[in-house]
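The values are calculated or read from the model by the stated rules, or taken from the named source; none is laboratory data. These numbers come from a predicted model, not from an experiment. Please note: Cβ atoms are built from the backbone with ideal geometry, for glycine as well, and neighbour counts cover all protein chains shown. The area values use the complete protein model at the heavy-atom level, side chains included, leaving out ligands, DNA and RNA. Shrake-Rupley method; radii C 1.70, N 1.55, O 1.52, S 1.80 Å.
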Protein chains: 2
Amino acid sequence: MRIIVDAFGGDHAPHEILKGARLAANKLGVEITLAGDESQIRACAASCRVSLAGMDILHAPTVFQMEYEPASILKEHSDSSMSVGLKALAAGQGDAFVSAGSTGALLVGGTLLVKRIRGVRRAAIAAVLPGNTVPFLLLDAGANSECTAEMLENFALLGSVYAQKVLQIANPRVALANIGTEENKGDPLRQETFRSLKANTKINFIGNIEAREIPNGGADVIVADGFTGNIILKLYEGMGKLMTGKLKKMFLGNPLGWVAAVFAAGGILKLKRQMDYKEYGGAPLLGLSRPVIKAHGSSDAKAIFHAIRQAKQCAKSNLAQVIKENLKA
Amino acid sequence: MRIIVDAFGGDHAPHEILKGARLAANKLGVEITLAGDESQIRACAASCRVSLAGMDILHAPTVFQMEYEPASILKEHSDSSMSVGLKALAAGQGDAFVSAGSTGALLVGGTLLVKRIRGVRRAAIAAVLPGNTVPFLLLDAGANSECTAEMLENFALLGSVYAQKVLQIANPRVALANIGTEENKGDPLRQETFRSLKANTKINFIGNIEAREIPNGGADVIVADGFTGNIILKLYEGMGKLMTGKLKKMFLGNPLGWVAAVFAAGGILKLKRQMDYKEYGGAPLLGLSRPVIKAHGSSDAKAIFHAIRQAKQCAKSNLAQVIKENLKA
């Protein structure tokens with residue numbers, strides 16, 4: 001299995017990307033193709049002392065910058081590492097693609113270069129978030145700010161298959177993010193979607209979920225339009241940061257706090273690890289014919305390693321084929 | 001100043017309501033009218049040893065139950081404590097009304113019995129939430145799941161006046177909850193609202209705010225449609241609960257955790273207090289011609305006390321008049 005990695009996506013490219021790719025090649029038994037400027041990759045590898053042994057380089061002379069218009073990945077920036085990587089994936093030169101670059105461009109490029117699975121209206125960004133006990137999947141986390149009920153039904157199926165095949169959750173509980181639990185709650189979009197999901201026998205639909213229950217493990221797959229999903233995702237991040245910041249202050253702002261910190265250290269580390277997005281890999285773009293994983297923009301080597309691990313699982317589980325069959329039936 | 005209190009709203013009515021009202025009468029220098037069944041109020045006061053000295057009772061034989069249709073407050077349940085209290089407020093028998101009962105009914109009753117300020121399209125529920133350093137206001141937190149740009153512009157003004165007059169924030173920073181900071185981000189509703197808010201000279205509009213920055217004190221007033229606002233409010237609550245639960249487990253799940261807890265106790269209490277909604281009073285229903293405060297359904301005496309304190313501040317600051325003038329200008 002070969003994973004194509006965008007060596008120039010994200011805030012810490014290329015050095016953290018190379019380190020993460022090296023770790024994955026060593027530990028996960030995958031082959032790696034690095035997309036990006038060959039001489040820069042070799043120079044960075046030499047200065048960071050990262051061996052490129054066994055890795056392929058797919059030369060791409062430019063980098064897709066965050067401020068570019070997403071659609072420009074198709075023409076003006078078709079020689080960027082992201083574009084070149086996506087085209088290699090589409091051509092079958094690899095089994096999955098990982099990038100920490102622009103989400104918008106990855107979405108446009110994924111949709112138009114890699115293409116959607118037949119029957120999928122729109123690709124969605126799915127985020128894996130830490131819950132009270134186990135992680136859960138949230139989609140759409142921001143790709144489509146305006147949605148129809150049909151799109152949301154699509155997302156429910158995409159998420160359900162991903163939760164089964166990649167997160168290894170048997171019969172995942174799918175819920176619709178809404179402002180009340182009853183069937184008639186929310187706006188017309190939510191009401192119509194509720195009816196569609198209830199009637200869909202391919203999904204274990206457990207009803208509406210209120211946002212209060214989201215962190216609590218109330219569902220394995222949470223379906224939302226991309227606007228609502230993005231609000232949930234980012235508030236989740238922001239609240240996590242606020243609370244860990246307050247925790248830190250609680251220990252450091254107290255003259256005897258360091259004593260407390262010593263005794264609570266194991267628990268603090270466990271909590272920190274549990275809330276750390278880097279452990280959960282990246283966000284899969286679901287609905288595409290081949291796996292594309294969006295790693296966090298601030299990914300370090302560990303986050304890239306986990307994103308590659310996730311890409312491997314997606315490729316291994318033949319996600320697109322399973323989704324296609326479920327959509328047909 | 002006289003505050004009318006629904007003695008039978010919420011999970012802990014009437015005993016916690018009576019205790020909270022007593023506290024407020026003693027400490028805040030306000031007069032209290034308790035709306036509800038007189039004999040039950042007297043019996044509860046006697047058994048809980050709460051003095052009713054100086055408080056009026058406005059007899060209402062029934063209770064508006066949570067499962068009733070909100071609109072039924074107008075006819076079938078017009079003899080409920082909530083309905084009787086609202087009508088007394090409308091008739092000028094008090095300066096503000098506090099209830100921990102059904103939000104939907106309070107909204108319908110507030111709108112149709114107390115009436116809106118001229119020029120206000122819809123009343124909004126505003127929630128006061130704990131931020132990183134100071135609390136902020138979120139509206140609409142759930143009254144209107146479908147909104148127009150005009151409604152959102154109204155909410156921005158209502159929130160801005162409330163933040164100035166009640167939260168005592170000079171020139172409050174107003175932001176629009178959106179999925180990106182740039183003007184063209186989000187759906188058409190967000191884009192149109194951005195333009196209206198930018199052009200409105202009555203508001204200190206600072207632009208879009210991403211959900212990640214919401215807990216961080218990024219704005220004093222956050223404007224959202226009621227669907228998005230309710231998602232934010234409830235996720236905020238849920239995340240707060242998750243994190244404090246994890247904190248507890250961190251200390252108790254560790255053999256030496258209790259030692260840590262002893263040393264961190266001051267910090268823990270401070271954190272707990274900072275994240276405790278009971279300290280912030282209730283949620284004002286903004287846009288009504290007289291102040292109506294929705295206290296949390298699980299309010300105890302302390303929460304009721306703070307809601308009455310807040311009701312007093314609203315009445316004292318002549319909120320409706322200031323809003324009216326701002327709308328006219």
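Can you tally the net charge around A:LEU107? Count Lys and Arg as +1, Asp and Glu as -1, for every other residue whose Cβ sits under 13 Å from the Cβ of A:LEU107. Show your work: numbers first, answer last.
Working: positive: A:LYS115, A:ARG116, A:ARG122, A:LYS294; negative: A:GLU69, A:ASP140.
Net of charged neighbours comes to +2.
Semi-axes, largest first, in whole Å: what does sqrt of 5 times each Cα gyration tensor eigenvalue give for segment A:1-119?
23, 17, 11
Taking chain A as a Gaussian network, Cα atoms linked when under 10 Å apart, which of A:LEU58, A:LEU89, A:LEU242 shows the biggest mean-square fluctuation?
Judging by the Gaussian network model, the answer is A:LEU242.
Using every pair of alpha-carbon atoms in the protein assembly as shown, split the distances into 10 Å bins beginning at 0 and state the percent of pairs per bin, rounded to integers.
Spelled out bin by bin, the protein assembly as shown gives 3, 15, 22, 24, 19, 10, 5, 2, 0 percent.
Starting from a Cα-only point model with no solvent, please compute log10 I(q)/I(0) by Debye for segment B:143-196 at q = 0.17 1/Å.
Normalising to I(0) and taking log10 leaves -0.59.
Between segment A:285-319 and segment A:1-78, what is the separation of their alpha carbon centroids in Å?
Segment A:285-319 and segment A:1-78 have Cα centres separated by 14 Å.
DSSP beta bridges in chain A, what fraction antiparallel, as a percent rounded to 5? Display every interim value, and only then the final one.
Numbers: 9 of 36 bridges.
Beta bridges within chain A, antiparallel portion: roughly 25 percent.
Can you give me the relative contact order of chain B as a percent, contacts being Cα pairs under 8 Å and 6 or more apart?
Computed value for chain B: 23 percent relative contact order.
At a threshold of 8 angstrom on Cα-Cα distance, excluding pairs fewer than six apart, so keeping six or more, what relative contact order does segment A:95-183 reach in percent?
Relative contact order of segment A:95-183: 18 percent.
Apply 1/(1 + (r/R0)^6) to the Cβ-Cβ distance of A:THR244 and B:VAL134, taking R0 = 22 Å, and write down the FRET efficiency to the nearest 0.05.
0.65
At a probe size of 1.4 Å, how large is the accessible area of A:MET66, to the nearest 10 Å²?
For A:MET66, the solvent-accessible surface is approximately 130 Å².
Mind telling me which of B:ALA199, B:ALA315, B:ALA71 comes out most flexible in a GNM of chain B, alpha-carbon contacts under 10 Å?
B:ALA199
Run through all the Cα pairs of segment A:123-255 and give the fraction in each 10 Å bin from 0, expressed as whole percent.
13, 44, 28, 9, 5, 1
Tell me which residues come under 5 Å, amide H to amide H, from B:ILE179 once H is placed; ignore anything under 5 positions away on its chain.
Sorted by chain and number, the residues that satisfy this are B:GLY186.
If you put a point 7 Å past Cα along the Cβ direction, how far is that point for A:PRO188 from the same point in each other copy, in nm, smallest first?
Its label point is 1.3 nm from the equivalent points in the other copies.
Sequence-distant or interchain residues sharing an amide H contact under 5 Å with B:ALA35, placed H: which?
B:VAL5, B:ASP6, B:ALA7, B:LEU58
Rounded to whole Å and ordered largest first, report the semi-axes of the equivalent ellipsoid of segment A:45-96 derived from its Cα gyration tensor (root of 5λ).
Semi-axes (√(5λ), whole Å): 23, 16, 8.
Compare A:LYS198, B:LYS185, A:LYS294 by solvent-accessible area with a 1.4 Å probe and give them largest first, with all protein chains kept in place.
Correct descending sequence by accessible area is A:LYS198, B:LYS185, A:LYS294.
List every DSSP H helix in chain A whose Cα atoms extend 27 Å or more along the helix's own long axis and whose mean Kyte-Doolittle hydropathy is at least 0.0.
The qualifying helices are A:226-252.
Counting only DSSP beta bridges with both residues in the protein assembly as shown, what percent are antiparallel, rounded to the nearest 5?
On the way: 18 of 72 bridges.
Among the beta bridges of the protein assembly as shown, antiparallel pairing accounts for roughly 25 percent.
At each listed q (0.11, 0.15 Å⁻¹), what is the log10 of I(q)/I(0) that the Debye formula gives for chain A modelled as equal alpha-carbon point scatterers?
-0.71, -1.19
What is segment B:173-245's relative contact order, in percent, from Cα pairs under 8 angstrom and six or more apart in sequence?
Result for segment B:173-245 is 38 percent.
Just flag the trypsin sites (Lys or Arg not before Pro) in segment A:1-60 sitting in loop per DSSP whose Cβ has no more than 13 other Cβ atoms within 10 Å.
Values: sites: A:ARG2, A:LYS19, A:ARG22, A:LYS27, A:ARG42, A:ARG49; in loops: A:ARG49.
Sparse-neighbourhood loop trypsin sites (Lys or Arg not before Pro): A:ARG49.
Provide an ascending nm list, one decimal, of label-point separations from A:SER72 to the equivalent residue in each further copy; define each label point as 7 Å from Cα along Cα→Cβ.
Those label-point separations list as 6.0 nm.
Which distances in nm, rounded to one decimal and ordered from shortest, link the label point of B:GLY119 to the equivalent label points in the other identical copies, with labels set 7 Å from Cα toward Cβ?
Spacings between copies for this position, smallest first, are 5.6 nm.
Please report the carbon-and-sulfur percent of the accessible area for chain B; probe 1.4 Å, protein heavy atoms only, DNA, RNA and ligands left out. Walk me through the intermediate numbers first.
Numbers: 6660 of 13250 Å².
Of the solvent-accessible surface of chain B, carbon and sulfur hold 50 percent.
Which residue fluctuates most in the GNM of chain B (Cα springs below 10 Å): B:CYS314, B:CYS48, B:CYS147?
Maximum among the listed residues: B:CYS48.
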